[in-house]
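The values are calculated or read from the model by the stated rules, or taken from the named source; none is laboratory data. Everything quoted here is computed from the prediction, not taken from an experiment. Positions of Cβ are generated from backbone atoms using ideal geometry, with glycine treated the same way; all protein chains shown enter the neighbour counts. For the accessible areas, the whole protein counts, side chains as well, though only heavy atoms, and no ligand, DNA or RNA atoms are used. Shrake-Rupley method; radii C 1.70, N 1.55, O 1.52, S 1.80 Å.
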Amino acid sequence: MEMVRTSLAILALWLVSLCAMAQDDGVWTLSGKVIDAKTRKPMAHVSVTDHQVGTVTNEAGEFVLKLPQTPKSVTFSCLGYKTQRLSAAAFDGVRVEVRMEPSSVMLDEVVVRGADAKSLVMKAMEKIDDNYPNVPNLLRGFYRETVEKRNHFTGISEGVVDVYKTSYSKDSWRDGVSILKGRRLLSQRASDTLSVKLQGGPVLPIMLDVVKERDVLLNEEELKNYTFRYVTMSKADDRNQYVVEIAPLYQLPYALYSGRLYIDQETLAFTRIELSLDMSDQAKVTPMILKKKPLGLRFTPRELSIYIDYKTDDGVTRINYIRNVIRFRCDWKRKLFKSNFTVTSEMVVTDRQEGEDLKPIRIRDTFNRKDNFYDQVVYFNDPDFWGNENIIEPTEDLLKGIEKIKKRISRE
């Protein structure tokens, strides 16, 4: 009976998939939604790729993948779930629904008895040069930055960027980001205006790639300030992953992180890093978040969290997706009301080139870290703006937020 149900499920997926592919101007397009097979809840940040070109699902589990030609298969992968590889031969027209099965880790597969969590992290650090690119990479990415005030969108900026990264064994001073195209939509209300400048922007994959930027965390001297605890085992891309939890051990002149490091059991590559900045001392935290603010404005940081996902192909582990969330409160002296803001920045790598012959991005084309992204891009007014570029699909609430801002601007 179980085999019959499985066969029917596969048949249903095939029937639904008959219209999942659209051919438009030579571009192969697949769209759909990814859900948990047991709970039926949508799954965010699932990697969708044909091996090199890819995207991720949005918060509602939705995705659109555009490729220059029909692939042999499309792969769906997410930490804690079995990897799905679906043959592209079945895709032909409507949106697909992909159901991801949670994966379990058998205890007898894992030898952790007596393992020292800090020693494991140190060994993984020693393997960075072996596990990550040893030649320059030019990454094509989609970047989105949203500003919310009291759970209402007041600004959206997004664009296609190129990111040049040298070998992980070399210094990153030549690494840079250039904006290929972008657009913005900002509320014109003075009360909605975000009058502060924050650290980050499109340079996230350079500043926060902690595997390469080892001064941030992954160096022997810095790790002396942390405690380590082995907490569990998980799976990613059908491979076992150690999960190590870190937390501050000392109080220092600067704020430390807490979070989890995911390490491939076989290769010892860092495959995911989740960090949250310790907010107990706001005087330490503020310089790490804030670049500039007007006189008379009180800036109170509430959260800084970082999520970095790496993906392994052909034995090389590369950055795949990065998200940064900053929550803070602003209030003006002598004014009664306080405003809570959330700024979310995310970038997914949609394509890549690599090789010694790749040239760094020219200095004049490099995004200046002192600038705001929305100052560099154009107004939100072209429905066909993205063309054949892969993007992170906007969620329904983001689309509604865009329409509200557009209506507000048209009335003013």
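See the values below:
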| quantity | calculated |
| --- | --- |
| Criterion: more than 27 Å from Thr75 (Cα to Cα) and of a type outside the set (Val, Ile, Thr) - qualifying residue of Ala236, Ala269, Ala255 | Ala255 |
| Failed criterion for Ile273 (all others in (1) under 18 Å from the mean Cα position of the chain (by Cα); (2) more than 30 Å from Glu101 (Cα to Cα) hold) | (2) |
| Any hit, the stretch 124-136, residues being within 17 Å of Tyr262 (Cβ to Cβ), of a type in the set (Phe, Trp, Tyr), surrounded by 15 or more Cβ atoms within 10 Å (Cβ to Cβ) and modelled with pLDDT of 95 or more | yes |
| Evaluation of Ala89 against (1) among the hydrophobic types (A, V, I, L, M, F, W, C); (2) open to solvent by 40 Å² or more (accessible area, probe 1.4 Å); (3) touching a helix residue (DSSP H, G or I) at 6+ places or on another chain (Cβ under 9 Å) (one fails), failing number | (3) |
| Any hit, the stretch 318-326, residues being open to solvent by 40 Å² or more (accessible area, probe 1.4 Å) and among the β-branched types (Val, Ile, Thr) | no |
| Meets criteria (surrounded by fewer than 19 Cβ atoms within 10 Å (Cβ to Cβ), touching a Lys or Arg at 6+ places or on another chain (Cβ under 8 Å) and hydrophobic (A, V, I, L, M, F, W, C)) for Leu295 | no |
| Residue in the stretch 265-276 that is among the small types (Gly, Ala, Ser) and either open to solvent by less than 20 Å² (accessible area, probe 1.4 Å) or closer than 17 Å to Met125 by Cα (or both) present | yes |
| Near pairs, Cβ below 8 angstrom, 6+ apart or cross-chain, from the stretch 58-70 (on the phi > 0 side of the Ramachandran plot) to any residue that is part of a loop (DSSP other than H, G, I, E, B) and surrounded by 19 or more Cβ atoms within 10 Å (Cβ to Cβ) | Gly61/Met43; Gly61/Val46 |
| Residue that is farthest from Ser339 (Cα to Cα), among those in the stretch 122-150 that are of a type in the set (S, T, N, Q) and under 21 Å from the mean Cα position of the chain (by Cα) | Asn131 |
